[in-house]
Amino acid sequence: MSLRRFAAAALAGTLALAAPAMADDALKAAVDGPQRSAEHKARDAHRHPYETLTFWGLKPGQTVIEVSPGSGYWTEILARYAKATGGTYVATAADLANPDLPEAARKARASFEAKYADEATFGKIAYAGFGARSGPLGPEGSADMVITARNIHNWMWQEGMLDKALSDFYAVLKPGGVLAVEEHRADPRPQVPEARDGYVAVATVVAAAEKAGFQIEAQSEVNANPKDTKDHPFGVWTLPPNRRTSPAGQPANPDFDRAKWDEIGESDRMTLRFRKPG
């Protein structure tokens, strides 16, 4: 679908409507389960995990790759769900094959693996190296879904990285597989150069995904936040959960009044579903 047709369809609401999904008791159990940290559960009001995953089309027994899982918000749900339904959860992590990988990145990967090493709780999590110089994320055409949540703005700061990432996702997905995207949304105001404030235009994401071969299938407003004015002093990181009070790299400012930003909550986000043709 062209950007012009996408914009027209979005305005008409045709892309925002998806067929109601059947209830998934295993997914509800994973979302509500005791394996999830209190910190992550506290964010559910902003991240709507059950509704988001059902919109993306998650199903039992699938092979799902999550890109750069961070603290493991989705890991605690997806790994548990994969274990319960006979699926496979793959987390991308620092590329250990990169000889120039910083030691801090190696330690961060080891810490994440240790955090989610309990197979009785999370099953056997698989890992795939991912970075600017990494190889394939898995055998070609082996994954049912690739999920990227709030990563695209980071890749826009590295020359060629967004194209590489989307090419990697396209290659590893089966024909008919889903690319699931959650990202801070710049619209309706213009995107700043390279999305340096963390907010990306929907048209930017659609154009990049279509360039890689994907087709836009649907969008959802499940993670919209109309309170988000997108004009924060330290970009999107002014808002929760980062709650930045000074420019990046500078000490926190104890005199910064956070009340206005905390009342907004987490960012306004696009939630998109793309499909690999086939």
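So, Thr92, is that one under 16 Å from Ala132 (Cβ atoms), among the polar types (S, T, N, Q) and modelled with pLDDT of 95 or more or not?
In short, yes.
Kindly provide the set of residues from region 183-210 that are out of contact with any strand residue (DSSP E or B) (no Cβ under 6 Å at 6 or more places or on another chain) and charged (D, E, K, R), ordered by number.
Within region 183-210, Asp187, Arg189, Glu194, Arg196, Asp197, Glu210 qualify.
Tally the residues that are part of a loop (DSSP other than H, G, I, E, B) and in contact (Cβ under 8 Å) with a residue 12 or more places away in the chain, restricting the search to region 106-123.
2
Consider region 173-193. How many of its residues are within 18 Å of the chain's Cα centre (by Cα) and either under 23 Å from Pro247 (Cα atoms) or among the basic types (Lys, Arg) (or both)?
4
Between a residue in region 29-46 that is closer than 14 Å to Gly72 by Cα and any residue that is hydroxyl-bearing (Ser, Thr, Tyr) and surrounded by fewer than 17 Cβ atoms within 10 Å (Cβ to Cβ), which pairs come within a Cβ distance under 6 Å, given they are 6 or more apart or on different chains?
So the pair list comes out as Gln35/Thr121.
Which count do you get for residues in region 181-190 that are buried (at least 19 other Cβ atoms within 10 Å of the Cβ) and touching an Asp or Glu at 6+ places or on another chain (Cβ under 9 Å)? Write out each step before concluding.
From region 181-190, those buried (at least 19 other Cβ atoms within 10 Å of the Cβ) are 181-186; that's our starting set.
Now restrict to residues that are touching an Asp or Glu at 6+ places or on another chain (Cβ under 9 Å): 184-186.
Adding up the residues that qualify gives 3.
Do the conditions hold for Ala30, that is, is it surrounded by 18 or more Cβ atoms within 10 Å (Cβ to Cβ), touching a Lys or Arg at 6+ places or on another chain (Cβ under 6 Å) and within 23 Å of Asn223 (Cα to Cα)? Write out each step before concluding.
Working: surrounded by 18 or more Cβ atoms within 10 Å (Cβ to Cβ): yes; touching a Lys or Arg at 6+ places or on another chain (Cβ under 6 Å): yes; within 23 Å of Asn223 (Cα to Cα): yes.
Yes.
Name the residues in region 138-190 that are in a loop (DSSP other than H, G, I, E, B) and farther than 30 Å from Leu239 by Cβ, would you?
Once the filter is applied, which keeps residues that are in a loop (DSSP other than H, G, I, E, B) and farther than 30 Å from Leu239 by Cβ, region 138-190 yields Gly138, Pro139, Glu140, Gly141, Ser142.
Are any residues in region 117-137 over 14 Å from Ser167 (Cβ atoms) and crowded, with 19+ Cβ neighbours inside 10 Å, and if so, which ones? Spell out how you get there, then give the answer.
In the first step, residues of region 117-137 are kept if they are over 14 Å from Ser167 (Cβ atoms); the result is 117-129.
The answer is Phe122, Gly123, Ile125, Ala128.
Would you mention how many residues in region 231-278 are within 19 Å of the chain's Cα centre (by Cα) and on the phi > 0 side of the Ramachandran plot?
Going through region 231-278 one residue at a time, the tally reaches 2.
The values are calculated or read from the model by the stated rules, or taken from the named source; none is laboratory data. Since the model is a prediction, treat every value here as computed from it, not as a measurement. Virtual Cβ from ideal backbone geometry, glycine too; neighbours counted across all protein chains shown.
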